[in-house]
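Undergrad: The structure's right below; bear with me while I get my questions together.
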């Protein structure tokens, strides 16, 4: 026969307000009756409830709780345990809860989270319906669920095991922490699946977009060439052939950029992303990128003027300054930012500037387009963040990783004029080939520095 070890019986009508000094002393007094380490098997439901509440009320440092089902959450609310947990959190007690979650109990759990209680979702097997409470790594209470379909605590629970024995309590702490770490892995796996699915969908869409016009333009170009071969052509035939070749070139470039973006993202994810540090002439590099951007704007039919505002090299005989960096990747950053400016601007000026700021060189691309959408402002440099009708949302993410791999930082803001946005990034001037040839893209973000030119 299970035996209940007697605790002072608490009146069932006692209010939960009895957590002031007097009530706390009573709860501590009840637990102090177990001075010797022991394991107690309890069958009296009221005593189980009494110890359950007392453990939370008397906790000094930490409360760990596993709730086995969403039905149990409703019962806990009726018992008043959630109010006690919130009061514990107000006393600066760390409270962590593992529990299943669905739409019906989400509001209850969100209320706990708002009260400073850390609550994580866990999947529990239907055959493992037990509640586990650990207080201060000193006391444990395991309550079995006899019938989870019942709405009242008294009808749903069966036996309980209470222990203040360290060899018993500590394995329960280990079990809880294992489950807690499991939720981390579960959330990471779920997020990885979500990102993978999103990436596949976006990549498939973006691959299809340029492939279709390439195929169509190839067919039309073949017809034009046939006419020319047969002597049945005029100026319109030549113009059509030229348009179709431009269409194929433009979309082939899109495919190449997409494949490069995907390759860089995979290298970042696998930790194989590295830099090839070399000496780069800044003015020359900017001029080449601007030339490519001008061609892009012309092909897209945009009436844009791209201007270079070069403020380096005042003391240099040739008016140019060298910087040690990965030239091809910095070129990619500049082109990504210019491409972004062109995409969201229909006319006006795009100003590309380079200037000194302490030990960094600051690059800026200022446009006169639509500006940054508030909906994505806080996640602008995250993967797949885009408000464009086309694009994978990888360009700014890759730009951030490349800049940070150089030890710089990147940021963006809408222009004070209310029109357009400015994207800026820094590259340190003290990089050397031997010290950074293998720098990875996951370096910690450096502290922000104010630019005197902003």
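The values are calculated or read from the model by the stated rules, or taken from the named source; none is laboratory data. Predicted model, so just to flag it, every value in this text is computed and none were measured. In this analysis, Cβ positions are derived from the backbone assuming ideal geometry, glycine residues included, and neighbour counts consider all displayed protein chains.
Undergrad: Does residue 215 satisfy the condition of being touching a residue at least 24 places away in the same chain (Cβ under 8 Å) and assigned to a helix (DSSP H, G or I)?
TA: Here the answer is no, as residue 215 does not meet what is asked.
Undergrad: Also, quick follow-up: Please work out if residue 32 is within 16 Å of residue 172 (Cβ to Cβ), surrounded by fewer than 22 Cβ atoms within 10 Å (Cβ to Cβ) and either out of contact with any helix residue (DSSP H, G or I) (no Cβ under 7 Å at 6 or more places or on another chain) or modelled with pLDDT of 90 or more (or both).
TA: No, not satisfied.
Undergrad: So residue 339 ticks every box in (1) within 20 Å of residue 396 (Cα to Cα); (2) at pLDDT 90 or above but one. Which box is left unticked?
TA: So the condition that residue 339 fails would be (2).
Undergrad: Is it true that residue 308 is surrounded by fewer than 16 Cβ atoms within 10 Å (Cβ to Cβ), at pLDDT 90 or above and either in the same structural domain as residue 413 (by TED's automatic domain parsing) or within 26 Å of residue 405 (Cβ to Cβ) (or both)?
TA: yes
Undergrad: Residue 293 versus (1) within 19 Å of residue 406 (Cβ to Cβ); (2) surrounded by 20 or more Cβ atoms within 10 Å (Cβ to Cβ); (3) modelled with pLDDT under 90; (4) assigned by TED's automatic domain parsing to the domain that holds residue 419: which is the lone unmet condition?
TA: So the condition that residue 293 fails would be (1).
Undergrad: Sticking with this structure for a sec: Any chance the stretch 325-341 includes a residue that's in contact (Cβ under 8 Å) with a residue 12 or more places away in the chain and part of a strand (DSSP E or B)?
TA: There is at least one residue in the stretch 325-341 that is in contact (Cβ under 8 Å) with a residue 12 or more places away in the chain and part of a strand (DSSP E or B).
Undergrad: Counting just the residues of the stretch 62-92 that are surrounded by fewer than 20 Cβ atoms within 10 Å (Cβ to Cβ) and in contact with a strand residue (DSSP E or B) (Cβ under 6 Å, 6 or more places away or on another chain), which one comes out farthest from residue 132 (Cα to Cα)?
TA: Step by step, filter the stretch 62-92, then rank; the result is 89.
Undergrad: Which number in (1) at pLDDT below 90; (2) farther than 25 Å from residue 297 by Cβ marks the one condition that residue 325 misses?
TA: Every listed condition holds for residue 325 apart from (1).
Undergrad: Given the conditions (1) modelled with pLDDT under 75; (2) part of a helix (DSSP H, G or I); (3) touching a helix residue (DSSP H, G or I) at 6+ places or on another chain (Cβ under 8 Å), which single one is not true for residue 434?
TA: That leaves (3) as the condition not met.
Undergrad: Looking at residue 59, is it out of contact with any strand residue (DSSP E or B) (no Cβ under 8 Å at 6 or more places or on another chain), at pLDDT 90 or above and assigned to a loop (DSSP other than H, G, I, E, B)?
TA: Against the criterion (out of contact with any strand residue (DSSP E or B) (no Cβ under 8 Å at 6 or more places or on another chain), at pLDDT 90 or above and assigned to a loop (DSSP other than H, G, I, E, B)), residue 59 does not qualify.
Undergrad: Within the stretch 285-314, track down each residue that is part of a helix (DSSP H, G or I) and within 35 Å of the chain's Cα centre (by Cα).
TA: 285, 286, 288, 289, 290, 292, 293, 294, 296, 297
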